[in-house]
Amino acid sequence: HSDTDDSPNALVYNRLRELEPGEFRVEFERFVPDMLERLDARFDGVRVPLTFGMIEIPEAGDVDLVRYSFIDLSGQAPAGARQFVWRYPEEYGSNVLRVRMAQEDEMRSAWLQSGEISEPFDLAGKMAPRSRAEVATDYTVLGFTHILPQGLDHILFVLGIFLLSLRLASI
């Protein structure tokens, strides 16, 4: 849903958004076993069990706004694994996957829409950085999905700046 108030779970979402971080953590930890069962991490096509490490939860605020939390999960890659693929259940929404090899400082990221399976990450060699075109494409798609279906306020703000400006050069 572009607006969680349109979801059949709207009351649950708003209740969770009102919780303080400690209370939210308790709720989340009840959900962890089901979540771990539904996440799909594969090395060379073989599913690997994941473990929950921690969750970072911001303070409660305006229930009309999304409260982004960060979850740390880990799993053991089989010896000699050459590729890694990730899938996050569609009903959990979109997610950002960040992969870092143990010996490297750089991290590779991918924005995955609801239920999308990641491109395979090559584990055999050093992960190649994404091209500028790949990054630009991801951010363009992300921008459109943020602005058009759920960002009328953004469009009206820019339109207001344009219409209220006395000189075109100042825009």
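The values are calculated or read from the model by the stated rules, or taken from the named source; none is laboratory data. Everything numeric in this text was worked out from a predicted model, so none of it was measured. We place every Cβ from the backbone using ideal geometry, glycine too, and count neighbours over all the protein chains shown. Accessible surface areas use protein heavy atoms only, side chains included; no ligands, DNA or RNA. Shrake-Rupley method; radii C 1.70, N 1.55, O 1.52, S 1.80 Å.
Only one residue of 71, 39, 61 has its Cα farthest out toward the positive end of the dipole of segment 29-82, where Lys and Arg carry +1 and Asp and Glu -1 on Cβ, and that residue is 39. Put simply, when 62-71, 34-43 are sorted by average Cβ atoms within 10 angstrom per residue, most first, you get 34-43, 62-71. Ligands, DNA and RNA are left out, and with a 1.4 angstrom probe the accessible area of the chain is 72 Å² per residue.
What's the carbon and sulfur percent of segment 5-117's accessible surface, probe 1.4 angstrom, rounded to a whole number? Before the final figure, lay out each step's value.
Values: 3850 of 7580 Å².
Of the solvent-accessible surface of segment 5-117, carbon and sulfur hold 51 percent.
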